[in-house]
Amino acid sequence: MKALTAKIQAVEARVSDVDLPAGGKWVTEARKSAMARLRAMGLPARRDEYWKFTRPEELTKADATEAALLETDEKPVFCDIDRLRLVFVDGVLDTDISDAMAMDHIEIEPLAEAAAKDIHWVKDLYGALETSGQTPVERPLAALNTALAVQGVVLRVTGKVPRPVCLHYVRDKIGADAMVHHVVKVEDGADFTLLENGPAADRINKVLEVDVADGGAFHHIRTQGRDHERRAVSHIFARLGKESSFKSFTLTVNGALTRNECVIEMLGDDAHATISGACAGDGASGPFHQDDTVFITHDAVNCESRQVFKKVLRNGATGVFQGKILVKADAQKTDGYQISQGLLLDENSQFLAKPELEIYADDVACSHGSTVGAIDETALFYLTSRGIPHNQAQDMLVLAFLAQALEEIESVDIREDILNRLEAWVERHRR
Amino acid sequence: MLSIKNLQVKLEDEDKQILKGVDLEIGPGEVHAIMGPNGSGKSTMSYVLSGKGGYEVTAGEATLDGMDLLDMEPDARAAAGLFLAFQYPVEIPGVGNMTFLRTAVNSQRKARGEEELSAADFLKLVRAKAKSLKIDAEMLKRPVNVGFSGGEKKRNEILQMAMLEPKMCILDETDSGLDVDAMKLVSEGVNALRDGKRSFLVITHYQRLLDHIKPDVVHIMANGRMIKSGGPELALEVEHNGYADILAEVV
């Protein structure tokens, strides 16, 4: 009880001098409801089982810690991909430098505009998927986001969209504490790719709610920005209809703290979900802590889910994976797969994994594997014995290790783009 | 070419002496074979020469054209012209065979101050060499040795050898796990590389391989030492009588 009181007091400390943003009727209700839920559950604290491996203080405290801007003349990821680009500067959508929000088979609107209206299609989704994702595990930082976010876009997809939409987050100055909330509705049979890249702010709290209707397909590929000191918490809440498909891949290199939660509810039969990630952390450039927390609920027949996470860690970097598959009693013929692997390049780094299966149906196939290890010395010797220098051989093995996660990206061009980023990282961090 | 004098080696982590004073001289263009009972130290010698970790050289020396091999990293030994065909070629998921080969060839060229092969030239070369070893293009695209049969792995070793054009080739039980046809194919690959200058050290348990790759000298190794050397007839003797007579002779 004492712990809960402290967590609730933490909410007051965080929001006491913040007013709910102004908006139309539906959004005001959603924000009030989120604030009430947040006040009831309190902010995450160190003793919470769900935050056992990741300290939440930097994400919960009232003022964000400043993060230096990364100086690089490198071209941003996805810049060679034909895409519709929406630019957020320090967490604020800048329409002047964004592409026009018009494309076939998709309606794009800033959250602020949708929120100003009293009635809007997004009212059935905004905060609704987040609310549903609070059971059985509470995710207070997502409720905080629903209550306070004014930035974001709402996207309604009605057919096969010709180009991906790319949310490009850039930083202009130090001191931004951003909160962004996007909603995507993929209608029956529609097909859409969402890209996200860039660090966004000193600290960002991001929520993405995705509703994929029957037969719809949603692809999501994101990179989280290389600013060494940035901190981020993100939540994806997805609801999948019959025969729908959801695929999300995340690349994380650098960043002092990253917590990515993904909550997927498979509600229609024969749906498919893949959630994957590659992470490369080097503690020599500053603290590195990256956490993937996934919860997939199978609540329909004959659905397939895959979780594939690979983390390469060195110089005191920490990687965390908490992945759960919950198969409800009526979710027969479920096929659930989960793999999480850590490659530690030295003895100072750590990979903490908690794979979980909770199964109530009796005709399912669920497998999970979690491994942690060092570079394979036999393979390393084989490569060096052919004349490949030790460092280069090690890089080849690191990239080979991460490749399994990259294979989950369907688009060859995007996969290549991501691979190039990783190759550059490996080269920069060569010992 | 290769000169080994009084080489003594123990395991790094335990007090177990494996090589107890090996002497071996291989001249340019020569083919030497080493036979010997299991556990006599044959593979250990090939690993120590190519620079595998886990061993400690306690005495002796090994030089390649006068260069101190034991003082070099494995990649430098390779660039200097040493090649080991592994008894158990290693599977490396995620690394393409072609990428691996090209990186290896160009790393060695770079180390020797030679110009690197262009992608086109490399491709042309590897295709020609692969064809003569009956390695199809699919195999080149696959990850290194992953899903290869025993014979394919050994052929892949010979392909690497052909691409890297070493001065001194050590073949560690290259015949193990090969059927008659595969052994012939691999042997032909090796023989194609014999040019009067390149030297070979063939480690084997069976005389049969030596019918295909004809040695100049045969050595018998036992208990960490070379105990007898002779011509090809020595291999035949082992094939017929086993090691018992030779071991008894020495004692």
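Read the figures in this text as sums done on the coordinates, not as results from a lab. Since the model is a prediction, treat every value here as computed from it, not as a measurement. Cβ sites come from the backbone with ideal geometry, for glycine too, and all protein chains shown count toward neighbours.
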Work out the FRET efficiency for B:Ala244 and B:Glu188 from their Cβ-Cβ distance, taking R0 = 30 Å, and round it to the nearest 0.05. 0.35
Charges on Cβ only, +1 for Lys and Arg, -1 for Asp and Glu, centred on the Cα centroid of the protein assembly as shown; of A:Ile388, B:Ala33, A:Gly373, which one is farthest towards the dipole's positive end? A:Gly373
For segment A:380-431 (alpha-carbon point model, no solvent) the Debye-based log₁₀ I(q)/I(0) at q = 0.21 Å⁻¹ works out to -0.76
Cα centroid separation - segment A:257-289 against segment B:49-122, whole Å: 38 Å
Which residue, A:Ala100, A:Ala273, A:Ala238, tops the fluctuation ranking in a GNM of chain A built on C-alpha contacts under 10 Å? A:Ala100
Are there any chymotrypsin sites (Phe, Trp or Tyr not before Pro) in segment A:359-431 that are in a DSSP loop and have at most 15 other Cβ atoms within 10 Å? List them by number. A:Tyr360
Given Cβ charges of +1 for Lys and Arg and -1 for Asp and Glu, the option among B:Ala222, B:Leu19, A:Phe78 whose Cα lies farthest towards the positive end of the dipole of the protein assembly as shown is B:Leu19
Charge dipole (debye, nearest 20) of chain A; +1 at Cβ of Lys and Arg, -1 at Cβ of Asp and Glu: 1120 debye
Chain A, Gaussian network, Cα under 10 Å: of A:Arg230, A:Arg46, A:Arg171, the residue fluctuating most is A:Arg46
For chain A, find the longest principal axis of its Cα atoms and tell me its angle to the long axis of helix A:412-428, 0 to 90°, nearest 10. 60 degrees
³J(HN,Hα) across segment A:203-217 via Karplus (A = 6.51, B = -1.76, C = 1.60, θ = phi - 60°), whole Hz, x for Gly/Pro? 9, 10, 10, 10, 10, 10, 9, 10, 10, 10, 6, 3, x, x, 9
Local electrostatic count, B:Ser50, Cβ distance below 15 Å [Lys/Arg +1, Asp/Glu -1]: -3
What does the C-alpha gyration tensor say about the overall shape of chain A? Classify as rounded when a/c is under 1.5, otherwise prolate if a/b is larger than b/c, or oblate. rounded
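Provide A:Thr131, A:Thr54 in ascending order of the number of other Cβ atoms located within 10 Å of each residue's Cβ, fewest first. Mind showing how you got there, number by number?
On the way: A:Thr131 18, A:Thr54 23.
Ascending Cβ contact count within 10 Å gives the list A:Thr131, A:Thr54.
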Checking the a/c ratio against 1.5 first, then a/b against b/c, what shape does the Cα gyration tensor give for segment A:22-151? oblate
Sum of -39500 (n - 2.57) over DSSP H runs of 4+, divided by residues of the protein assembly as shown (222 nm, nearest 500): -8500 deg cm²/dmol
Compute the distance from the alpha-carbon center of segment A:187-233 to that of segment A:326-363, in whole Å. 22 Å
How much length, in nm to one decimal, is gained on full extension between A:Ala40 and A:Asp188, taken as 0.36 nm per residue of separation minus their Cα-Cα distance? 49.7 nm
Can you put B:Arg142, A:Arg37 in order of Cβ neighbours within 10 angstrom, beginning with the fewest? B:Arg142, A:Arg37
Answer rounded, prolate or oblate for segment B:112-160, using the Cα gyration tensor with square roots of eigenvalues a ≥ b ≥ c: rounded when a/c is under 1.5, else prolate when a/b is larger than b/c, else oblate. prolate
Restricting to DSSP loop positions (anything but H, G, I, E, B) with no more than 15 other Cβ atoms inside 10 Å of their own Cβ, which GluC sites (Glu not before Pro) remain in segment A:31-132? A:Glu66, A:Glu71, A:Glu74
Taking K and R as +1 and D and E as -1, what net charge do the other residues with C-beta under 14 Å from the C-beta of B:Val105 add up to? +2
If one takes the longest principal axis of the Cα atoms in chain A, at what angle in degrees, from 0 to 90 and to the nearest 10, does the Cα axis of helix A:25-41 lie? 60 degrees
Between A:Ala424 and B:Asp71, what is the label-point separation in nm under the 7 Å Cα-to-beta-carbon projection? 4.2 nm
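A:Ala116 to A:Asp17: FRET efficiency via 1/(1 + (r/R0)^6), r the Cβ-Cβ distance, R0 30 Å, to the nearest 0.05? Can you show the working numbers first?
Values: r = 24 Å, r/R0 = 0.80.
That pair, A:Ala116 with A:Asp17, gives E of 0.80.
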Starting from the Cα of A:Ala6, step 7 Å along the direction of its Cβ; do the same at B:Lys124; then give the gap between the two resulting points in nm. 7.3 nm
